[in-house]
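Every number here is computed from the coordinates shown, using simple stated rules; none is lab data. Just so it is clear, the model here is predicted, and its values are computed rather than measured. Reconstructed Cβ throughout: ideal geometry from the backbone, glycine too, with neighbour counts over all protein chains shown.
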Amino acid sequence: MIRVNLLAADRPTKKKKAAAGGGGGAPAAPGSVQAYLLLGLFTLGTIVLCAAVWWWQSNKIKKLDADIAQAEQRQRELQAIKAQVDALERKRETFQRKVDLIERLKAEQSGPVHMLDEVSKSLPDFVWLSGLEQTNDRIRFNGQSSGLTSVADFISALQRTGWFPQVDLVSSTEANNIITYALAAQFKNPEVAAKEAAAAAAAAARAPVATPTPAKGKKK
């Protein structure tokens, strides 16, 4: 008896199974490939951007270092120049002190000569000197006169010379129509006095002006 299997045609063959199940696996989806490409481009762009920022910051730091080095070099040069200026100023002050000392010594050497000359020219008639004492710049005159008017004329004449800026009558006594007087005077070279006045005025001009503090009102 012959048997025919009519269902055999519907059974998959090994080749069909292999083709259907396949040993090659499922093909990759197109969207995943694009995602990988975008991720790679983003990563590359991030690396390039970081490298650019690092390069820019590095150049900026180098420029700042160069500016700092240049500023420090300029400061050292200015300090050297300032030291030279200070040294010159100290030399100028020393030289000026020497000049002032020489001028003062010259004035002091010629002082007694001028003093005696001015005193002799200032003596009016009927006024005589019996003594003259000098202590530094203070002078004391002792003498006699025929009257107080002549003594006053002597004081005025001394002040007009410029060498005796201050003359005071210390005492006066009268006996037998003769006035015995004593004068106290300050003797100073007019040029030295003018320089001292100018120096004092310059020092006062350089002195800082104190700003008055407004008074606070009293609380009631």
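Worth pointing out:
- Taken about its Cα centre, the stretch 103-203 carries a charge dipole of roughly 160 debye when the Cβ of each Lys and Arg holds +1 and the Cβ of each Asp and Glu holds -1.
- Extension gain, Thr180 to Asn142, is 12.9 nm, computed as 0.36 nm per intervening residue step minus the present C-alpha separation.
- R0 of 25 Å, Cβ-Cβ distance Lys91-Gln70: FRET efficiency to nearest 0.05: 0.20
- Spacing of the two label points (7 Å from each Cα toward its C-beta) at Thr149 and Ser171, in nm: 2.7 nm
- Modelled spin-label separation between Gln134 and His114, with each label point placed 7 Å from Cα along the Cα-to-Cβ direction: 1.1 nm.
- Take the Cβ atoms of Trp54 and Ala80, set R0 to 30 Å, and the FRET efficiency comes out at 0.15.
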